[in-house]
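Before any comments, here is the structure.
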Amino acid sequence: MQPDMQALVESQRAAFRREGVPSLSTRLDRLARLRQLIVDQGEAWGAAISADFGNRSIHETRFLEIGPLLAGLRHTTAHLRRWMKPQRRGVTIEFALMKNALVHQPLGVVGILVPWNYPLFLALGPLIDVLAAGNRAIIKPSEFLPGFADLFARSVAQVFAPEEVTVVTGGPDAAAAFSRLPLDHLIFTGSTAVGKKVMAACAERLTPVTLELGGKCPVILDEDYPLERAAGDIAIGKFLNAGQTCIAPDYVLVPRDRMQPLAQALIARARALYPALQGNGDYASIVSDRHFARLEGALDEARGRGLTVLQSESLSGQDRRLPPTLVLDPPDDILLMREEIFGPILPLKPFDRIEEAVAYVGGRDHPLALYILSHDQAVQKTILDGTLSGNVTINGTVLHVGQPDLPFGGIGPSGLGAYHGFEGFRRFSHARGIAQSRVFNPMRLIAPPYGRLHAVLHRFLRR
């Protein structure tokens, strides 16, 4: 696999050198073909994803992956002409007769290393920005979804020449080799632990990276936010895809006197969303036996520590389905609070003052997302000023990722770099500064031999 991938990179780079910087019309054509591919193949892709999961609702694929992709394409195609225009840059008085500009040029060949949880959105979302910036792309889907990966590769090959966009498949060895390719940029979405390995591999070739990782995304619930509304906002964001979402709420910080009522409201809301899990096409399976066993082990640990565990229903794990589950007031040393959960388990932790909640979040690794449920602008500001995170949704969950004009990315252990919209176009471009001497070269004024003129110029520059 590795020699083939190497040859693909060399082929794309040769095409990039041969054809030069693509025009606006070429980029728009590639984006139009991508849009048509999504429209034509979306349902088949959704069926393949569901089969690989065991079950994943086609509606979740439509609304959480295909819909945001089409919205991103509309936004990018509407603004691409303006993004590509050279930008005037200012000059200081010393260089008043010069003209400065900045142009965004494509990097060349960009690799996209894709996770299994949202295999369309996290493959084609970056691809929109990569193509808009004028690059070529090689995509490596996750080996956890082999049926989808094979179909996806064949679908892309029907629309794009290998020198434009191509897909490679394979297992962990292929993924490791992919991160060592001589790419001009690599974007990886996945766990922090694997992200560190990817970054180390890229460092050998000084390949720039964008890392979209994870972390424990908190919800901070204020006293003033209606309880039933909070339960709905949290449950929808948490239990989509059975919690297998990098920006899903990972724990809730709740006023102490509201913890039990919130727990009951969340269980009621989960039952309303998913009245019965067995045979329910709306509720996703856990992607693999290994992931399911990890989640079951985390719950066994919580029960063994005497914690209150609430579930929307009893289920023995058929089809790797784990019910929506709450764990009340867990200590910080159990697995559910040490690691990203990536499943339908939600810890609730009480606090007595909002400052305690802010300090709790601020004292931990910066998460990929932060959720604030409060109508009090002073409380919102207190939380925003006291924490750092990738993105924030106020009075909702997961909404920020679907905004094409907002950058998406983490900070620190939750990621490096951001994309979507203009920030994505810029992320996968080289910002090339161009300084032009128009009347005469000002360097001639400071050329030797040095004398009285240089003393005058020196005094002028020091003013």
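Only the coordinates and a few stated rules stand behind these numbers; no lab work does. These figures come from a predicted structure and were not determined experimentally. Here the Cβ is made from the backbone with ideal geometry for all residues, glycine too, and neighbour counts use every protein chain on show.
Using DSSP, restrict attention to beta bridges with both residues in region 218-409 and report what percent are antiparallel, rounded to the nearest 5.
20
Show that you can apply the helix-only estimate: for the chain, add -39,500 (n - 2.57) for every DSSP H stretch of four or more residues, divide by all residues, and state [θ] at 222 nm to the nearest 500.
So the calculated ellipticity at 222 nm is -13500 deg cm²/dmol.
With no solvent and one equal point scatterer placed on each C-alpha of the chain, evaluate the Debye formula and give log10 I(q)/I(0) for q = 0.09, 0.13 Å⁻¹, two decimals.
The computed values of log10 I(q)/I(0) come out as -0.65, -1.17.
Can you tell me the dipole magnitude for the chain around its Cα centre, using point charges on the Cβ only (Lys, Arg +1; Asp, Glu -1), in Debye to the nearest 20?
Roughly 2780 debye, rounded to the nearest 20.
Dipole size in debye (nearest 20) for region 125-202 around its Cα centre, Lys and Arg Cβ +1, Asp and Glu Cβ -1?
I would put it at about 220 debye.
Take the alpha carbon gyration tensor of region 393-439, find the square roots of its eigenvalues, order them as a ≥ b ≥ c, and report rounded if a/c is under 1.5; if not, report prolate when a/b exceeds b/c, else oblate.
Values: a/c = 3.92, a/b = 2.47, b/c = 1.59.
Taking the square roots of the gyration eigenvalues as a ≥ b ≥ c, region 393-439 is prolate.
Relative contact order for region 218-409 using alpha-carbon pairs under 8 Å, separation at least 6, rounded to a whole percent?
Value for region 218-409: 28 percent.
Kindly work out what percent of the DSSP beta bridges joining two residues of region 55-179 are antiparallel, to the nearest 5.
Restricted to region 55-179, the bridges split so that about 25 percent are antiparallel.
List the residues whose amide H sits under 5 Å from the amide H of Thr308, counting only those 5 or more places along or on another chain, with H placed 1.01 Å from N in the peptide plane.
The answer is Leu328.
Could you tell me whether region 218-409 comes out rounded, prolate or oblate from its Cα gyration tensor? Rule is a ≥ b ≥ c as square roots of the eigenvalues, rounded for a/c under 1.5, then prolate if a/b exceeds b/c, otherwise oblate.
Details: a/c = 1.56, a/b = 1.41, b/c = 1.11.
Judged from the Cα gyration tensor, region 218-409 comes out prolate (a/c at least 1.5, a/b above b/c).
Rounded, prolate or oblate: pick one for region 251-322, where a ≥ b ≥ c are the square roots of the eigenvalues of its C-alpha gyration tensor, a/c under 1.5 means rounded, and failing that, prolate if a/b is larger than b/c, else oblate.
Cα axes put region 251-322 in the oblate bin.
Quick one: what are the phi-derived ³J(HN,Hα) couplings along region 173-186, Karplus 6.51/-1.76/1.60 with θ = phi - 60°, whole Hz, x for glycine and proline?
5, 5, 5, 5, 5, 4, 6, 9, 5, x, 7, 8, 6, 9
As I understand it, the dipole of the chain uses +1 on the Cβ of Lys and Arg and -1 on the Cβ of Asp and Glu, about the Cα centre. Which of Leu416, Met337, Gly195 lies farthest toward its positive end?
Toward the positive end, the furthest listed residue is Leu416.
Set the Förster distance to 41 Å, then compute FRET efficiency between Ala71 and Arg294 from the Cβ-Cβ distance, nearest 0.05.
0.75
Indicate, rounded to the nearest 5 percent, the antiparallel portion of the DSSP beta bridges found entirely in the chain.
Here the antiparallel bridges make up roughly 35 percent for the chain.
From the phi of every residue in region 111-118, what ³J(HN,Hα) in whole Hz does the Karplus formula 6.51 cos²θ - 1.76 cosθ + 1.60 yield, where θ is phi - 60° and glycine or proline is x?
Per-residue couplings from phi come out as x, 10, 9, 10, x, 8, 6, 10 Hz.
Suppose R0 equals 41 Å; then what is the FRET efficiency for Lys99 and Lys196 from their Cβ-Cβ distance, rounded to the nearest 0.05?
The computed FRET efficiency comes out at 0.40.
Counting only C-alpha contacts under 8 Å and six or more residues apart, can you give the relative contact order of region 150-211 as a whole percent? Provide the component values of the computation, followed by the final result.
Values: 50 pairs, mean separation 17.7, N = 62.
Relative contact order for region 150-211 comes out at 28 percent.
By how many nm would the segment from Ile434 to Gln260 lengthen if fully extended, with 0.36 nm per residue of separation less the alpha-carbon distance? Numbers along the way, then the final one.
On the way: separation 174, 0.36 × 174 = 62.64 nm, distance 6.16 nm.
This chain segment gains 56.5 nm when fully extended.
Quick one: Cα convex hull volume of region 344-463, Å³ per residue?
Spread over its residues, the Cα hull of region 344-463 gives 243 Å³ apiece.
List every residue whose amide H lies under 5 Å from the amide H of Gly396, counting only residues 5 or more places away in sequence or on a different chain, with H placed 1.01 Å from N in the peptide plane.
Those qualifying (amide H under 5 Å, at least 5 residues apart or on another chain) are Ile372.
How are the alpha carbon pair distances in region 1-121 distributed across 5 Å bins from zero to the largest one, expressed in percent?
Bins of 5 Å from zero give 2, 8, 12, 14, 15, 15, 13, 9, 5, 3, 2, 1, 1, 0 percent of pairs.
Distance between the C-alpha centers of region 189-228 and region 104-145? Whole Å please.
Here the answer is 17 Å between Cα centres.
Normalised by the number of residues in the chain, what is the relative contact order in percent for Cα pairs under 8 Å and 6+ residues apart?
Relative contact order here is 19 percent.
Distance between the C-alpha centers of region 421-463 and region 376-415? Whole Å please.
If you average the Cα positions of each part, the centres end up 39 Å apart.
Based on the alpha-carbon set only, what is the convex hull volume of region 74-177 divided per residue, in Å³?
Measuring per residue, one finds 144 Å³ for the Cα hull of region 74-177.
So how do 67-74, 232-239 stack up, highest first, on mean other-Cβ count within 10 Å? It would help to have the intermediate numbers written out before the result.
Details: 67-74: 17.8, 232-239: 23.6.
For the peptides 67-74, 232-239, the packing ranking is 232-239, 67-74.
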